[in-house]
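Asks: Got a structure for you, questions after.
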Amino acid sequence: MLQMLEKSLRKSLPESLKVYGTVFHINQGNPFKLKALVDKWPDFNTVVVRPQEQDMTDDLDHYTNTYQIYSKELKSCQESLVSSDVINWKQHLQIQSSQSSLDEVIQSLAAANSVQVKRTQCILYMMPQTARKLVPFLVDTKNLRPESGGPRIKNQEMFKLSSLDITHAALVNKFWHFGGNERSQRFIERCILAFPSSCLLGPEGTPVSWALMDQTGEMRMAAAVPECRAQGLVSYIIYTQTQVQEKLGFPVYNHTEKANKIIQKMSQSLHHVPMPCDWNQWNCAPLKLAFNRS
């Protein structure tokens, strides 16, 4: 059934990308022990992917309490979520989707459950090989030059290509835009243990640039330490991590902020394919819990 679901979601790309990527990785061993729920089968309208209840024990851990949603029909989606306990609105949580149109549904549900919502919208990219395979109708072959040997970095002999280990999680967490706290560090540790990653080690043997993937298959948290920026390290490590994931047959995609022109320029140089839909994340906090915390 999960393989049938993956195949069906593939027909709805790119709008289903965040859910498709998650279901793909459930079918590759499901290291995060997620479950996929549908409103009906086999002709579903709405899919929600979420952790098992026993893993969502910390009401303040929105990194663990994360839901991915795709729906073919918004009215049906709202009706399904209103009439079920699929989403635990009593917790701090995140909802992720490649569908901006879900905003109205989520805002309505959140208001009905006295939940405060902060929405983040970013540009969504697919890597060239993934786009050719999954959404060839979005690939402009005239402007997509053949891939060469990949980007080069200055003073390459100073760096050693490696992968992250759990002791590097604190460093990754320090520079992750969505992180910087104990819960985000635990999430990063899980990702490092469960999924392939890439990093460049500097002369001291510690990472100076890195990229890894999360439970949705998205490449996340790519960064370089401040003293090693403007040397092409992030381009190099993103290209390298893309190669790693593609060799495993994984769909490869990522996002960047709409205001981050530097990363957008880098994505263009790496021939990443911008999607017509957005990357969306809704951070939800129950007003009662938020009030108690303050």
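The values are calculated or read from the model by the stated rules, or taken from the named source; none is laboratory data. Because the structure is predicted, anything quoted here is derived from the model rather than measured. FYI the Cβ positions are ideal-geometry reconstructions off the backbone, even for glycines, and counts take in every protein chain you see. The area values use the complete protein model at the heavy-atom level, side chains included, leaving out ligands, DNA and RNA. Shrake-Rupley method; radii C 1.70, N 1.55, O 1.52, S 1.80 Å.
Asks: Counting only helical runs of four or more DSSP H residues, what would the 222 nm mean residue ellipticity of the chain come to if each run contributes -39,500 (n - 2.57) and the total is spread over all its residues?
Replies: Details: 10 runs with 96 residues, N = 294.
After summing the helix terms and dividing by the residues of the chain, the value is -9500 deg cm²/dmol.
Asks: Would you please put 61-67, 27-33 in order of how densely packed they are, using the mean number of other Cβ atoms within 10 angstrom per residue and starting with the highest? Show your work: numbers first, answer last.
Replies: Values: 61-67: 22.1, 27-33: 13.7.
Result, highest mean Cβ count within 10 Å first: 61-67, 27-33.
Asks: Then there is this: Can you give me the accessible area per residue for the range 43-133, using a 1.4 Å probe, in Å²?
Replies: Per-residue value: 43 Å².
Asks: Length gain on complete extension for the stretch residue 137 to residue 243, per 0.36 nm per residue less the alpha carbon to alpha carbon distance?
Replies: Working: separation 106, 0.36 × 106 = 38.16 nm, distance 2.25 nm.
Taking residue 137 through residue 243 to full extension adds about 35.9 nm, to one decimal.
Asks: Okay, moving on. What translational diffusion coefficient, to the nearest whole µm²/s, does the chain have by Stokes-Einstein, given a Kirkwood radius computed over alpha-carbon pairs, a temperature of 25 °C and 0.890 mPa s viscosity?
Replies: Working: Rh = 19.9 Å.
In µm²/s, the coefficient is 124.
Asks: Pick from 90, 35, 265: which is most flexible by mean-square fluctuation in a GNM of the chain where alpha carbon atoms under 10 Å apart are linked?
Replies: Residue with maximal mean-square fluctuation among 90, 35, 265: 265.
Asks: Probe radius 1.4 Å, ligands and nucleic acids ignored: give me the carbon and sulfur share of the accessible area of the range 1-132 as a rounded percent.
Replies: Solvent-exposed carbon and sulfur of the range 1-132 make up 45 percent of the total.
Asks: Something else about it: Treating each Cα of the range 10-118 as an identical point scatterer and ignoring solvent, apply the Debye formula and state log10 I(q)/I(0) at q = 0.15, 0.19, 0.20 Å⁻¹.
Replies: For the requested q values the scattering log ratios are -0.62, -1.02, -1.14.
Asks: Another question, then. Is the range 94-233 best put as rounded, prolate or oblate by its Cα gyration tensor, with a ≥ b ≥ c the root eigenvalues, rounded for a/c under 1.5, and otherwise prolate when a/b is larger than b/c, oblate when not? Walk me through the numbers before you get to the answer.
Replies: On the way: a/c = 2.46, a/b = 1.27, b/c = 1.94.
Oblate, because a/c is 1.5 or more while a/b does not exceed b/c.
Asks: Moving on to the next point. Provide the per residue accessible area, probe 1.4 Å, for the range 161-294, rounded to a whole number of square angstrom.
Replies: 45
Asks: In addition: Taking the alpha-carbon centroid of each part, what is the distance from the range 184-205 to the range 231-294 in angstrom?
Replies: The distance from the Cα centre of the range 184-205 to that of the range 231-294 comes to 16 Å.
Asks: Another one. Report the extension gain between residue 79 and residue 155 in nm, rounded to one decimal, defined as 0.36 nm multiplied by the number of residues separating them, less their alpha carbon distance. List each step's numbers first, then the result.
Replies: On the way: separation 76, 0.36 × 76 = 27.36 nm, distance 5.74 nm.
Working it through step by step, the gained length comes to 21.6 nm.
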